[in-house]
1. Does region 333-349 hold any residues that are assigned to a helix (DSSP H, G or I) and modelled with pLDDT of 90 or more, and which are they?
2. Looking at region 620-672, which of its residues are assigned to a loop (DSSP other than H, G, I, E, B), farther than 27 Å from residue 208 by Cα and touching a strand residue (DSSP E or B) at 6+ places or on another chain (Cβ under 7 Å)?
3. What pairs come up if the first residue lies in region 254-268 and is within 13 Å of residue 318 (Cα to Cα), the second is modelled with pLDDT under 80 and loosely packed, with under 15 Cβ neighbours inside 10 Å, and their beta carbons are under 7 Å apart, counting only those six or more places apart or on different chains?
4. Being assigned to a helix (DSSP H, G or I), modelled with pLDDT of 75 or more and over 29 Å from the mean Cα position of the chain (by Cα), is that true of even one residue in region 555-563?
5. Go through region 639-672 and give me each residue that's without any contact (Cβ under 8 Å) to a residue 60 or more places away in the chain and under 30 Å from residue 586 (Cα atoms).
6. I'd like to check something: does region 222-244 contain any residue that is part of a helix (DSSP H, G or I) and either more than 28 Å from residue 440 (Cβ to Cβ) or more than 25 Å from the chain's Cα centre (by Cα) (or both)?
7. Conditions first: (1) more than 17 Å from residue 263 (Cα to Cα); (2) out of contact with any helix residue (DSSP H, G or I) (no Cβ under 7 Å at 6 or more places or on another chain). Residue 333 passes all but one, so which condition is the exception?
């Protein structure tokens, strides 16, 4: 018996871990009150024929009455609407809601809430468990407020009416151009089943990764690729189509390029889509909370209502959507997935998931290559790629995944060249990474080229140094010259963007402000970091798996941060090795300056949407993911040494902790 245990010790450890994980899920589900999941209601939006996505605000002060009529086409157990409060604004008073049967005039439901109790951009649900609305009956939902001061009044979200059939009125005056962002709900048992299925799947994926590590003894880069694909699929299932950050826009851009690949084109600069794809797009991408990245249980019912394996109506329809002018390079995996899905006559949902799967696979291959090339900090680079926010970025419909992969590969090739661990294939990979990085974010990461400064001291021939420098600068010029021409024009006073047109109070800054007042601009950046430190930290690692809504408690993601720091440290075995890598002062300085300048560019670009008097608004933690290796690798051989080589166990712990992250993420999504 003892011989069997010694022989199969690692397998038994893995099985024990799986048992404990399953026990955690079962007990955890009981502790969070299953009825919250079982009785969760899904949103069937009353305005699902919406054509455009303009957003307006309507303030509610004492004496105002804003109303909207709607006719439910399915069983209804609740309604939802959205209201806006400005950053840091204090609201007062209460808002009152009534629902009236238009035929009988009877009030079927009424409620009220404290305005100052809700955070910014809140989706408010009223669950009508005792007063079910009748299918086919016309109802009116009306809002009033007791707030006398306009500056302390709440603002309801409005949208373009499109072909919405309800009647929208403000103080008795009908407005045919706008409508409330209104939704209705019904019960479903689907959330609990999804919860169980996703948790079983994540435990299975973690078990396979651990077997690859401890039983098959795979090299780090292959474990990295396996982990990226396995965990990426998990997060792809958590983040339903249209619920990731800016997914709607990225889907539009990829679809427009797929039209060109399939010789369909976009006549008049307007996006042409298959009829089925357009219906799916309107329901899952551009509906209300979907556009703002709010992940909720609504998405799964929306998918259930619109899913079909093969396309039913493949005729092309013209939309009102302007085609984007983004570079096509970061979208190549999504373009390929959409094109292949359409050639195979797959339905809208399988086509979207095929495109996202292609994005996951390409990201995994690039990151695996980066981990293989980098001479030091392999585990740290791998764990950065496996952070929840990174997984969300490349598993959703976003080109941020390609930005992250290109940046990681760029840093890996650079460090290999700096320490004479590179060959011509590495040089080619470096050039490819530079091209990819230059095509992303319109030049935001151009300051990665500062890493070329210490290359002059690397062990390379003059021809190799010339090839490296020339290719990097050429890629930057080719992909960024237009973007930086626009920025330069704005810096000299041309105002290209304002944010005061009824959207936010006050006038916004221009890009020229940073040029004219550089010290004030830097103080604004520092103030923004201090004010939003917890938000930046959490959204870098994975508390916010959508644009603004916290999905996971910050305490859950802290272990990821600690494990990355440990993995970045030099071990005693590495320090005593003959092949030891020493990151010198000039290399650290180049990385830190590159990180600082890239971060400054992000704040610089976002100040145009910031009202005067505010700290810089719009920067989220995910923007810093591509530059994180520049900071983390500075910890390698920095004077702190880990006595034992525990990096394999650190990676295992990191992967296993995803069970906890996914548990909280899925639960938060399904009960929202």
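The values are calculated or read from the model by the stated rules, or taken from the named source; none is laboratory data. If you're wondering where the values come from, they're calculated on a predicted model, not measured in any experiment. All Cβ positions, even for glycine, are placed from backbone atoms using ideal geometry, and neighbour counts span all protein chains on display.
1. Our first condition is that a residue be assigned to a helix (DSSP H, G or I); within region 333-349, this holds for 333-343, 348-349.
Result: 333, 334, 335, 336, 337, 338, 339, 340, 341, 342, 343.
2. Our first condition is that a residue be assigned to a loop (DSSP other than H, G, I, E, B); within region 620-672, this holds for 620, 636-640, 643-646, 672.
Adding the requirement that they be farther than 27 Å from residue 208 by Cα leaves 620, 636-640, 643, 672.
Once the filter is applied, which keeps residues that are assigned to a loop (DSSP other than H, G, I, E, B), farther than 27 Å from residue 208 by Cα and touching a strand residue (DSSP E or B) at 6+ places or on another chain (Cβ under 7 Å), region 620-672 yields 636, 637.
3. Sorted first by the residue in region 254-268, then by its partner, the pairs are 259/265.
4. Applying the first criterion (assigned to a helix (DSSP H, G or I)) to region 555-563 yields 555-563.
With modelled with pLDDT of 75 or more added as a condition, the list becomes 555-563.
Keeping just the survivors that are over 29 Å from the mean Cα position of the chain (by Cα) gives none.
Checking region 555-563: not a single residue is assigned to a helix (DSSP H, G or I), modelled with pLDDT of 75 or more and over 29 Å from the mean Cα position of the chain (by Cα).
5. Step one: of region 639-672, the residues without any contact (Cβ under 8 Å) to a residue 60 or more places away in the chain are 639, 649.
Of everything in region 639-672, just one residue is without any contact (Cβ under 8 Å) to a residue 60 or more places away in the chain and under 30 Å from residue 586 (Cα atoms), namely 639.
6. First, pick out the residues of region 222-244 that are part of a helix (DSSP H, G or I): 222-238.
Cutting the leftovers down to either more than 28 Å from residue 440 (Cβ to Cβ) or more than 25 Å from the chain's Cα centre (by Cα) (or both) gives us 222.
Yes.
7. It fails just one condition, (2).
Each row is one residue, and each column tells you yes or no for (1) farther than 30 Å from residue 265 by Cβ; (2) in contact (Cβ under 8 Å) with a residue 24 or more places away in the chain; (3) touching a strand residue (DSSP E or B) at 6+ places or on another chain (Cβ under 7 Å); (4) outside the structural domain of residue 435 (by TED's automatic domain parsing).
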site	(1), (2), (3), (4)
330	no, yes, no, yes
350	no, yes, no, yes
369	yes, yes, no, no
372	yes, yes, no, no
385	yes, yes, no, no
389	yes, yes, no, no
399	no, yes, no, no
402	no, yes, no, no
